[in-house]
Amino acid sequence: MRVSFNVNGEDVTADDVWPGESLLYVLRERLGLPGSKNACEQGECGSCTVYFDDVTACSCMIAAGQAQGRRVRTVEGLSQGRGAERELSTVQEAFVEAGAVQCGFCTPGLVVQTDDLLERTVGAGLPAPDDAQIREALAGNLCRCTGYEKIIEAVHLAAGRRSGGGA
Ligand code: FES
Ligand code: FES
């Protein structure tokens, strides 16, 4: 089957999609967007998190056919520009600076989920999230390496920068 949707602002089409394929598979294997990671393929770890229309979701749990006509934004779509000119988003930069990345498998999902949390808080004129709100928002994103402290630090760093008018 053919599936057409918008990803990171561009209209794309994938042909010969098998009905059982996930959106995650189409993004990674057919559209050359390997940022979203495949760790569990069972909706348990959050490493494949993307925006589906404007709501975050595990792309491994979305059948490719469900993406027809929808808008998808992946971790690649959070940075600005292309190739060597690409600039990291505030959240991406904060994760690097805070040392919140070890093996990196969980990072794309955490970055998308954090972006969403900050949109809904500081981005909407509300106070920056506290530790409890951050832990709740990221509860579906599992990290096997960091112990989460650096991740929480990264979210606070990004929230502070966004409150100060960052991207
Ligand atoms: S790979 Fe999708 S939730 Fe783990
Ligand atoms: S950095 Fe390895 S799973 Fe999170």
Exercise for review: Let me know the charge dipole size of the chain about its Cα centre in debye, to the nearest 20, where only the beta-carbon of Lys, Arg (+1) and Asp, Glu (-1) is charged.
Suggested key: 60
Check your understanding: Based on the Kirkwood radius over alpha-carbon pairs, what value in µm²/s does the Stokes-Einstein equation return for the translational diffusion coefficient of region 3-78 at 4 °C and 1.567 mPa s?
Key -> 109
Check your understanding: In whole percent, what relative contact order does region 1-136 give with Cα contacts below 8 Å and a gap of six or more residues?
Key -> 24
Point to revise | Net charge contributed by nearby residues that have their C-beta within less than 13 Å of residue 141 (K/R +1, D/E -1) | key: -1
Exercise for review: Grab the beta carbon distance between residue 132 and residue 4, set R0 = 30 Å, and tell me the FRET efficiency rounded to 0.05.
Suggested key: 0.15
Study note, to complete from the structure: Helix 149-163: inclination vs the chain longest Cα principal axis, degrees, rounded to 10, gives 90
Check your understanding: So what is log10(I(q)/I(0)) for the chain at q = 0.13 1/Å, when the Debye sum runs over its Cα atoms only?
Key -> -0.60
Practice item. Rank 55, 25, 14 by how far each Cα sits towards the positive end of the charge dipole of region 3-78 (+1 on Lys, Arg Cβ; -1 on Asp, Glu Cβ) and give me just the farthest. Key: 55
Review point. When the Cα centres of region 116-161 and region 25-92 are compared, how far apart do they sit, in Å?
Key: 19
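Starting from 0.36 nm per residue, how many nanometres of slack lie between residue 18 and residue 124 once their C-alpha separation is accounted for?
Details: separation 106, 0.36 × 106 = 38.16 nm, distance 3.97 nm.
Working it through step by step, the gained length comes to 34.2 nm.
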Exercise for review: Report the semi-axes of the equivalent ellipsoid for region 83-163 in whole Å, largest first, where each axis is √(5λ) for an eigenvalue λ of the Cα gyration tensor.
Suggested key: 18, 17, 10
Review point. How far is helix 107-120 tilted off the main Cα axis of the chain, in degrees rounded to 10, range 0 to 90?
Key: 70
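Since every read-out is calculated from the coordinates, none of them should be taken as a lab result. What you are looking at is a predicted structure, and each value in this text was computed from that prediction instead of being measured. So basically every Cβ, Gly included, is an ideal-geometry build from the backbone, and we count neighbours across all protein chains shown.
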